[in-house]
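As structure tokens, the structure follows; a few thoughts come after it.
The values are calculated or read from the model by the stated rules, or taken from the named source; none is laboratory data. The structure presented is a predicted model; accordingly, all values stated were derived computationally and were not measured. Please note: Cβ atoms are built from the backbone with ideal geometry, for glycine as well, and neighbour counts cover all protein chains shown.
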Amino acid sequence: MVPSSASTGPPGRVLVTDGEFKHTLGIVRQLARRGHEVHLLASSSAAPAVHSRAVRRWHRSPAPGAPDYDARLLEVARSLAPVSLLPVGNGAVAAADRLRGRFPSEVRVALPSCESLAVANDKERTAELARRLGLRTPRERRIASLEEAQAAWRELGAPLVLKSAREEGVKTVRYARAEAGVPAAFEAARTASGGAVLAQEYIAGEGYGFSALYWNGVLQRSLMHRRVREWPPSGGTSACAESVPDAPALAQAGAALLDALRWHGVAMVEFKGALAPGALALIEINAKFWGSHDVALAAGVDFPGDLVALLEGRTLAPAQAPPKAVRFAWPFGGDLWHGLFRPASLPAVLRDALSPAVGHSWRLDDLSPLVFEIAQWARSAPGAWREQRMTR
């Protein structure tokens, strides 16, 4: 693939974090196609991306959030300098944020300002910004006790959404569909979030995302997508998604938030509702590479390659054409669990898993990661059953 930048000189070295995530595999493959020497940070050799032919070398690290993760990230990045660092998950982004000023100048990373990142990672502050911009947001309130959770259920209605008030850390969403379910839902959300729980009004409709690459506050690349299926089915990460080529209301709402934050790097703004003016409600900002990122690559929008090009001082060529419409499914990233626990959707899940017209993570010229994706999926079975019991 010809790099979409106008600079001369060979592509440089890149360090990508979070080898365990389903979308990390697509990122390292795309960077290798662009000619980069790709290094990967992972906590275990069981991580699927570790086994990709795209990875020159993988480096073992603790999981993000562990006490010694920051030191290990700094150590590996320094050893590879000059290098472009792509933190993939929330924990890695938070670590890179903490390490500002400690990275040597030859470790290049794109992060928004500390204040902009703090706003994006705090759901209440994000909602305040959205309202100032005239965007719709769910009614919500921070809660710290079961009594406050029960009061929120009476105020905000059913089903009540309970989630972490911050974007970093373990993302857990629970739904209380009846008042009797509030204690269990609150406890699960409180435990996963470390105590900061947000009670939120439920918004009906479909889930949409506006994904973007910004450079010093200026939009460079964007893509919009719709969630087709999620895991868990009651509301979670994308298990199947498709691009949305033309949605002015979604594009305007997503860009308005990131413009206001003078964003720098990648992000995905999540909405729910309908594609009509005023019908979309902001859910959150993902200040990182988002889980459905493979949709963008399948549509021809190269967020990681173009981000690294900018980090290396290259100038991006103008986008040649609007992104094409594509569908992408992750059978071993939640879609099969969705079908097994929602039997009515199983035919569609299997059809998408087998269709050559639908994008998937496996590649004939890079099959080894598939073995580890399947193993990772099998190991997730106890958690899937537990998740289903807690969200049904």
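If you go through region 25-37 and keep only what is aliphatic (A, V, I, L, M) and surrounded by 24 or more Cβ atoms within 10 Å (Cβ to Cβ), you end up with Leu25, Ile27, Val28, Leu31.
May I ask you to list the residues in region 240-262 that are assigned to a strand (DSSP E or B) and small (Gly, Ala, Ser)?
Ala241, Ser243
Does region 109-118 contain at least one residue that is touching a residue at least 40 places away in the same chain (Cβ under 8 Å), buried (at least 18 other Cβ atoms within 10 Å of the Cβ), assigned to a helix (DSSP H, G or I) and not hydroxyl-bearing (Ser, Thr, Tyr)? Looking through region 109-118, at least one residue is touching a residue at least 40 places away in the same chain (Cβ under 8 Å), buried (at least 18 other Cβ atoms within 10 Å of the Cβ), assigned to a helix (DSSP H, G or I) and not hydroxyl-bearing (Ser, Thr, Tyr). Considering region 282-322, and only residues there that are under 17 Å from the mean Cα position of the chain (by Cα) and of a type in the set (Val, Ile, Thr), the residue that is nearest to Arg227 (Cα to Cα) turns out to be Val295.
Count of region 254-284 residues, restricted to those that are under 17 Å from Val161 (Cβ atoms) and either of a type in the set (D, E, K, R) or in contact with an Asp or Glu (Cβ under 8 Å, 6 or more places away or on another chain) (or both), is 6.
Can you say whether Leu198 is within 23 Å of the chain's Cα centre (by Cα), in a strand (DSSP E or B) and farther than 30 Å from Ala298 by Cβ, as far as the supplied structure shows? Yes: the conditions hold for Leu198. Here are the criteria: (1) farther than 21 Å from Phe271 by Cβ; (2) under 23 Å from the mean Cα position of the chain (by Cα); (3) crowded, with 18+ Cβ neighbours inside 10 Å; (4) not small (Gly, Ala, Ser). Tell me which single one Arg98 does not satisfy. Exception for Arg98: condition (3).
Matching residues to (1) touching a strand residue (DSSP E or B) at 6+ places or on another chain (Cβ under 8 Å); (2) more than 30 Å from Leu80 (Cα to Cα); (3) hydrophobic (A, V, I, L, M, F, W, C):
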| position | (1), (2), (3) |
| --- | --- |
| Ala118 | no, no, yes |
| Asn121 | yes, no, no |
| Thr126 | yes, yes, no |
| Gly134 | no, yes, no |
| Leu162 | yes, yes, yes |
| Ala185 | yes, yes, yes |
| Thr191 | no, yes, no |
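Only a single item in (1) modelled with pLDDT of 95 or more; (2) surrounded by fewer than 17 Cβ atoms within 10 Å (Cβ to Cβ); (3) at negative phi is not met by Asn216, and it is number (3). Within region 220-239, does at least one residue satisfy the condition of being modelled with pLDDT of 95 or more, of a type outside the set (Phe, Trp, Tyr) and assigned to a loop (DSSP other than H, G, I, E, B)? For region 220-239, residues modelled with pLDDT of 95 or more, of a type outside the set (Phe, Trp, Tyr) and assigned to a loop (DSSP other than H, G, I, E, B): absent. Within region 244-264, the presence of a residue that is modelled with pLDDT under 95, touching a Ser or Thr at 6+ places or on another chain (Cβ under 7 Å) and buried (at least 22 other Cβ atoms within 10 Å of the Cβ) is excluded. Selection of region 314-323 for residues being touching a strand residue (DSSP E or B) at 6+ places or on another chain (Cβ under 9 Å) and either of a type outside the set (A, V, I, L, M) or crowded, with 18+ Cβ neighbours inside 10 Å (or both) yields Arg314, Thr315, Leu316, Pro323.
Helices (runs of 4 or more DSSP H) fully within region 287-392 that include at least 3 residues being in the same structural domain as Ser238 (by TED's automatic domain parsing), out of contact with any His (no Cβ under 7 Å at 6 or more places or on another chain) and more than 25 Å from Ser84 (Cβ to Cβ): 335-341, 346-354, 368-379, 381-391.
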